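A short write-up of the structure that comes next.
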Amino acid sequence: MSNTDFGNPDVIVIGAGNAAACAAISARQAGASVIMLEAAPQAECGGNTRFTGGGFRFPFKGIADLEPLMPELTDAEKAKLDFGVYTEENYYDDMGRQTNYRTDPEMCEILVTQSYDAMLWLRKNGVKFEPTYQHTVKVDGIFKFWGGLACVMWGGGPGLVELEHKACAREGIKIFCDTPAIGLLQDAKGHVCGVSAQSNGDNVDIRAKAVILACGGFEASGEMRARYLGPGWDLAKVRGSRYNQGAGIRMALDAGAMPYGHYSGCHSVPWELNAPLFGDLRVGDQFQKHSYPFCIMVNANGERFADEGADLRIFTYAKFGGAILRQPDHFAWQVYDAKTIPMLRPEYKIKQVTKVTANSLEELSKKMSGVDAQGFMREVTAYNNAVQTTAKFDPLIRDGRCTTGLKVPKSNWAQTIDQPPFEAYATTCGITFTFGGIKITRDAEVESVSGRPIPGLFATGELVGGLFYHNYPAGAGLMGGSVFGRIAGRSAASHVKK
Ligand SMILES: Cc1cc2nc3c(=O)[nH]c(=O)nc-3n(C[C@H](O)[C@H](O)[C@H](O)COP(=O)(O)OP(=O)(O)OC[C@H]3O[C@@H](n4cnc5c(N)ncnc54)[C@H](O)[C@@H]3O)c2cc1C
C-alpha cells in the first residue's frame, strides 16, 4: 500500500479501542481528516475495550443527570432505581484514596470535571448506556446502587466497540486492521509527521500532520512486565487483548517522550487459574472471581494473605491479582460455605471454572490442589474463632463485621466458614492494564523529557501515565480514555490547522 491508499490523512490515530475511537471522532468533528491503524485483525479489533464490562465512572447529582444518558428508562423502571448521588468530591476522594494520593492533580481534575460532559458527548455520538445492575442490592423491591457506578455500556465492551466504530464510520473515519504501527516519523526539527506501519507484510511510511497514540499499555508483553513490574509478572495471565505490547510507549520514548506514572504498578485481579494466557472474547471478563469479600482466600500453605474485606470490592479488586501473584506458585483458593454460596456472582457459574465442593472442611482441604491440608485446617479454625458477630452482616456497606487477633485481619463481611456444603475456586493473577506510560499536557500533547510538547504528537488511554498509582476506582479507565481522547482529538485538529 502507498500513502495514497491511506488517503493522506491530517491525523493518524494508533489503536482502535475506546480511547482511540474518542480521539478519532473528536478530531474529525473538529475538522481534521482522520484514519485509525489497528494492530489486530478485524476479528479481534477493539483492544481491551472489547473485553470490558463497560463501566464508566463520572459524577452525577441524581437521576436528573442520568436521564439524558439513559432516555430509554421508563417511569416504571425509574421508580425501582435508587442511584443515590456521586459528587465530584466523592470522585476526587476515591481517586486520592485509591492511588495513595499520588494521582497527578491536574489530570485528576480534568478527569473529574470533564467526565460527565464526555458521557453526554458519547451518548450524542450513538453510544448507549444502561443501569449498572451488577452494582446494586435489592432492598424492598428497589435496586440500590453502590460504589458510584451508575451506568454501564449497553452490550458491555463488545457493544461499546460496535457503537463507537459505527460512529467512526458515520464520520468517514477508516479503520485499517492488521496494520500495526512500528515507529513515528519525525522531520529534521523533531516534529512528528507520520507513522511507519506494517501493512500486508510490507513496511510503509504514512504521512500525516499529527499522530495520536492510543494503543494501550504493556500488559500483554511478558518481557516488559518482568522488566517493569518485577520478577514473576511474566507469569501473569492477560485478561484482555494480546496486542497491547507496549509499542505506543516504546515509540513515544524513542521520540523523546517523558516516561511518567507508576511503571512498577498495574491493575490486576483474581482470575481463573486455568484461563488461557490471553483474554478469550467468548468468555470476556467472566474469568474474574470477584465475590472474594465474602470468602477467605488461602495460598499453598493454606494461609490467608490479604484482608479480603478491606473495602468494597470495586476499591480492592484491582490490587488483589498482585497479592495472589506474590504467593507461592502464584495461586489462591477462594473458600465459601452455604451462607455465602448463594451470593456468588454470575462469573462463578461459567463452565470454565476450577472448582471443588465438599461436605466438610476436612474433605475440602484434601481437594484443593496444591494446598497444605493441615495448614488450611489450622487457618480456617483460627479464622472462625476470630470472627466477631456483634456487627450485622451487610454486603451493601463496609459493615465493620471483622475478625480480631489475626495476623491478617478481615475488616468487613467476616462470617464463619462452617456450614456445608463448601465450595472452593482456584485463582491466579489476571493482569488488566499497566499504570506507567508517557506524560501529556492538559491539552493531551505528549511532553518531551525537556518538558516541552513534542510537536504533532498526542496521546490518550492506557499508555498515558500519571492518573493511576497502586490501585484504581472501577470505571475510571474507560472514562479517562474518553475524556483525554476528546481533548487529544481537538488538540490534534487544532495543530493541523496551524
Ligand atoms: C477484562 C477487562 C475488563 C475491564 N473492565 C473495565 C470497565 O468495566 N471499566 C473501565 O473503565 N475499564 C475496564 N477495563 C480497563 C479498560 O480496558 C481500559 O481502561 C480501556 O478499555 C482502555 O482503552 P484504550 O483505548 O486505552 O486501550 P485498548 O482498548 O486496549 O485499545 C488499544 C488498541 O491499540 C491497539 N494496538 C496496540 N498496539 C498497536 C500498534 N502497534 N499499532 C496499532 N494498534 C495497536 C490494540 O490492538 C487495541 O485495539 C477492563 C479491562 C479488561 C481487560
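I'd like to verify a number: residues in region 185-206 that are surrounded by fewer than 11 Cβ atoms within 10 Å (Cβ to Cβ), without any contact (Cβ under 8 Å) to a residue 40 or more places away in the chain and not aliphatic (A, V, I, L, M), how many? Show your work before the answer.
Just the residues of region 185-206 that are surrounded by fewer than 11 Cβ atoms within 10 Å (Cβ to Cβ), to begin with: 188-189, 200-203.
Adding the requirement that they be without any contact (Cβ under 8 Å) to a residue 40 or more places away in the chain leaves 188, 201, 203.
Subsequent filtering for residues that are not aliphatic (A, V, I, L, M) retains 201, 203.
Number of matching residues: 2.
Mind counting the residues in region 118-142 that are surrounded by 13 or more Cβ atoms within 10 Å (Cβ to Cβ) and charged (D, E, K, R)?
Residues meeting the conditions: 3.
For every residue, the table says whether it meets (1) under 25 Å from His165 (Cα atoms); (2) outside the structural domain of Asp285 (by TED's automatic domain parsing); (3) out of contact with any helix residue (DSSP H, G or I) (no Cβ under 9 Å at 6 or more places or on another chain); (4) of a type in the set (A, V, I, L, M).
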site: Gly183; (1), (2), (3), (4): yes, yes, no, no
site: Lys189; (1), (2), (3), (4): no, yes, yes, no
site: Val192; (1), (2), (3), (4): no, yes, yes, yes
site: Ser199; (1), (2), (3), (4): yes, yes, no, no
site: Ala208; (1), (2), (3), (4): yes, yes, no, yes
site: Ile212; (1), (2), (3), (4): yes, yes, no, yes
site: Arg225; (1), (2), (3), (4): no, yes, no, no
site: Gly230; (1), (2), (3), (4): no, yes, yes, no
site: Arg239; (1), (2), (3), (4): yes, yes, no, no
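Yes or no: Gly190 closer than 24 Å to Ser268 by Cα and either of a type in the set (A, V, I, L, M) or modelled with pLDDT under 95 (or both)? Reasoning before the result, please.
Working: closer than 24 Å to Ser268 by Cα: no; either of a type in the set (A, V, I, L, M) or modelled with pLDDT under 95 (or both): yes.
So Gly190 does not fit the description; no.
Identify the residue in region 152-175 that is part of a strand (DSSP E or B) and touching a helix residue (DSSP H, G or I) at 6+ places or on another chain (Cβ under 7 Å) and, among all such residues, is farthest from Ile212 (Cα to Cα). Full working, then the answer.
Narrowing region 152-175 to residues part of a strand (DSSP E or B): 152-153, 174-175.
Subset that is touching a helix residue (DSSP H, G or I) at 6+ places or on another chain (Cβ under 7 Å): 153, 175.
Working: Met153: 24, Ile175: 14 Å.
If we take residues in region 152-175 being part of a strand (DSSP E or B) and touching a helix residue (DSSP H, G or I) at 6+ places or on another chain (Cβ under 7 Å), then Met153 is farthest from Ile212 (Cα to Cα).
Against the definition (more than 14 Å from the chain's Cα centre (by Cα), more than 15 Å from the ligand (Cβ to nearest atom) and either outside any helix (DSSP H, G or I) or on the phi > 0 side of the Ramachandran plot (or both)), how does Ala306 come out, yes or no?
Details: more than 14 Å from the chain's Cα centre (by Cα): yes; more than 15 Å from the ligand (Cβ to nearest atom): yes; either outside any helix (DSSP H, G or I) or on the phi > 0 side of the Ramachandran plot (or both): yes.
So Ala306 fits the description; yes.
Name every residue in region 200-217 that is at pLDDT 95 or above and at positive phi, in order of residue number.
Hit for region 200-217 is Gly216, nothing else.
Count, please, the residues in region 246-287 that happen to be buried (at least 22 other Cβ atoms within 10 Å of the Cβ) and either within 12 Å of the ligand (Cβ to nearest atom) or among the acidic types (Asp, Glu) (or both).
Of the residues in that region, 15 qualify.
Tell me, which helices (runs of 4 or more DSSP H) lie completely within region 13-125 with 2 or more residues that are in contact (Cβ under 8 Å) with a residue 40 or more places away in the chain and away from the ligand (no atom under 14 Å from the Cβ)? First the steps, then the outcome.
Numbers: elements: 18-29, 63-66, 75-78, 88-98, 105-124.
Counting at least 2 such residues, we get 18-29, 63-66, 88-98, 105-124.
For Thr427, which of the numbered conditions (1) crowded, with 23+ Cβ neighbours inside 10 Å; (2) out of contact with any strand residue (DSSP E or B) (no Cβ under 9 Å at 6 or more places or on another chain); (3) under 30 Å from Gly370 (Cβ atoms) fails to hold?
(2)
The values are calculated or read from the model by the stated rules, or taken from the named source; none is laboratory data. Being a predicted model, the structure only gives us computed values, none of them experimental. Methodologically, a virtual Cβ is constructed for each residue, glycine included, from the backbone with ideal geometry; neighbour enumeration extends over all protein chains shown.
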